[in-house]
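**Student:** Here it is, the structure, as structure tokens.
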């Protein structure tokens, strides 16, 4: 389904400038923008993928990953096609870099998405699998409807949305998990065809608007795993956001155009976690490994939530968002 895009400027000679992400693409007539979802037709910009879905599933919210937002609940996950980055290690490249091939696509319009989520006993809708910013119009329309039905909206993103797009999203998105891939701008340029600073600015804005925020960082040996980069990441979270923001370090596995790179050494993940805790972060987790998933009280060390895969065991050690053992204020959003 094709609808007119909501964030663009019309220019001379039937050119347009898309404003949904930080590429701010200048698009000639009959051409697409970088993400391949926005097309200039006769000087009008259209989103050509409205409601076009590659994947819809019921997932544990922990899979996103969200460890501190509605733990133990189910979320109705929706993913589309294309992306505003070109990550060489993309795990979902078949849908995010489909270049016009919509294999297995189905249409799920906003009202149907809401009905599906309710029918499947989900507490939220997750925008995930591909970058949801390229589906801005669809996300907004569905999210407005979902709030009317007491569903939460969660947004799994690379964080490269424009400031204008983020302003539209903030009133309707309840929780964000942002994949902060590296603190090295060169990494973003070479691996992702993007830049770092807009993502850092968006993270600060999300946090200042009191939205639930979690951050993931996929560590790749020899690319973004140096002690300095990890310290820079931890320092940014601690000083510009808050020490209570959960940080997930995940293990890389060879894939797509980085198939010749070895899986991340598990010791690298453990060292990263030690650096993060030493830098003052209260909640640090490991992903794509079997250990490092449990939540502990940052004050007394009490086991708060035990995780086995994506299943959780609530030990009733959290009451009124305080540790039952030491009464420390915790940061979970139920």
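No lab work stands behind these numbers, since they all come straight from the coordinates. Predicted model, so just to flag it, every value in this text is computed and none were measured. Heads up, the Cβs are rebuilt from the backbone with ideal geometry, glycines too, and the neighbour counts pull from every protein chain shown.
**Student:** Which of 163, 320, 232 moves the most in a Gaussian network model of the chain with Cα springs under 10 Å?
**Tutor:** Most flexible of the set in this elastic network: 320.
**Student:** Using a basic spin-label model with each label point 7 Å from the Cα along Cα→Cβ, how many nm lie between residue 57 and residue 41?
**Tutor:** Using points 7 Å along Cα→Cβ, the separation is 3.3 nm.
**Student:** Here's a follow-up. Separation of segment 52-94 and segment 20-38 by C-alpha centroid, Å?
**Tutor:** Distance between centres, Cα-based: 23 Å.
**Student:** Ok, one more. Roughly speaking, what is the stretch gain from residue 119 to residue 197, that is 0.36 nm per residue apart minus the C-alpha to C-alpha distance, in nm to one decimal?
**Tutor:** Here the segment from residue 119 to residue 197 would lengthen by 24.0 nm.
**Student:** Quick one: order 36, 281 by neighbouring beta-carbon count within 10 Å, fewest to most.
**Tutor:** 36, 281
**Student:** Tell me, how many Å apart are the Cα centres for segment 253-275 and for segment 100-132?
**Tutor:** If we compute the Cα centre of each part, the gap is 31 Å.
**Student:** Would you mind checking the tilt of helix 136-148 against the longest principal axis of the Cα atoms of the chain, expressed as 0 to 90 degrees and rounded to 10?
**Tutor:** Approximately 60 degrees, to the nearest 10.
**Student:** Please order 273, 257, 228 by the number of other Cβ within 10 Å, starting at the fewest.
**Tutor:** The most exposed by this proxy come first: 228, 257, 273.
**Student:** So if I take the alpha carbon set of segment 131-215, get Rg, then get Rh from the Kirkwood formula, what is the Rg over Rh ratio?
**Tutor:** 0.99
**Student:** Relative contact order of the chain: what whole-number percent is it, with Cα pairs under 8 angstrom and at least 6 residues apart?
**Tutor:** That works out to 13 percent.
**Student:** What's the exposure ranking of 107, 82, going from fewest to most Cβ atoms within 10 Å?
**Tutor:** Listing 107, 82 from fewest to most nearby Cβ atoms yields 107, 82.
**Student:** Here is a follow-up. What share of the DSSP beta bridges in the chain is antiparallel, in percent to the nearest 5?
**Tutor:** Close to 55 percent.
**Student:** In segment 270-284, which residues have a backbone nitrogen under 13 Å from the label point lying 7 Å from residue 290's Cα in the Cα-to-Cβ direction?
**Tutor:** In segment 270-284, the label zone of residue 290 (backbone N under 13 Å from the point 7 Å along Cα→Cβ) covers no residue.
**Student:** Helix 110-119 against the longest principal axis of the chain: what's the angle in degrees, Cα atoms only, rounded to the nearest 10?
**Tutor:** Once rounded, one gets 30 degrees.
**Student:** In percent, how large is the relative contact order of segment 3-47, given Cα pairs closer than 8 Å and 6 or more residues apart?
**Tutor:** Over segment 3-47, the number comes to 36 percent.
**Student:** Here's another thing I want to ask about it. For the pair residue 210/residue 9, report the inter-label distance in nm, with labels modelled 7 Å from Cα in the Cβ direction.
**Tutor:** So the two model labels end up 3.4 nm from each other.
**Student:** Further question: Among 248, 119, 212, which one moves the most in a GNM of the chain with springs linking Cα atoms closer than 10 Å?
**Tutor:** 119
**Student:** Mind checking which of 319, 205, 31 has the largest fluctuation in a GNM of the chain, springs on alpha carbons under 10 Å?
**Tutor:** In this elastic network of the chain, the residue with the biggest mean-square fluctuation among 319, 205, 31 is 319.
**Student:** Run the quick spin-label model on residue 319 and residue 91: label points 7 Å from Cα toward the beta carbon, then report their separation in nm to one decimal.
**Tutor:** Result: 3.7 nm between the two label points.
**Student:** Give me the number: length gained by fully extending residue 31 to residue 306, i.e. 0.36 nm times residue separation minus the C-alpha to C-alpha distance, one decimal in nm.
**Tutor:** So the extension gain works out to 94.0 nm.
**Student:** For the Cα atoms of the chain, what angle does the longest principal axis make with the long axis of helix 227-236, in degrees from 0 to 90, nearest 10?
**Tutor:** Long axis of 227-236 versus the principal axis of the chain: about 80 degrees.
**Student:** Based on the Kirkwood radius over alpha-carbon pairs, what is the Stokes-Einstein translational diffusion coefficient of segment 3-47 at 37 °C with 0.692 mPa s viscosity, in µm²/s?
**Tutor:** 336
**Student:** With a ≥ b ≥ c the root eigenvalues of the C-alpha gyration tensor of segment 189-233, is it rounded (a/c under 1.5), prolate (a/b larger than b/c) or oblate?
**Tutor:** prolate
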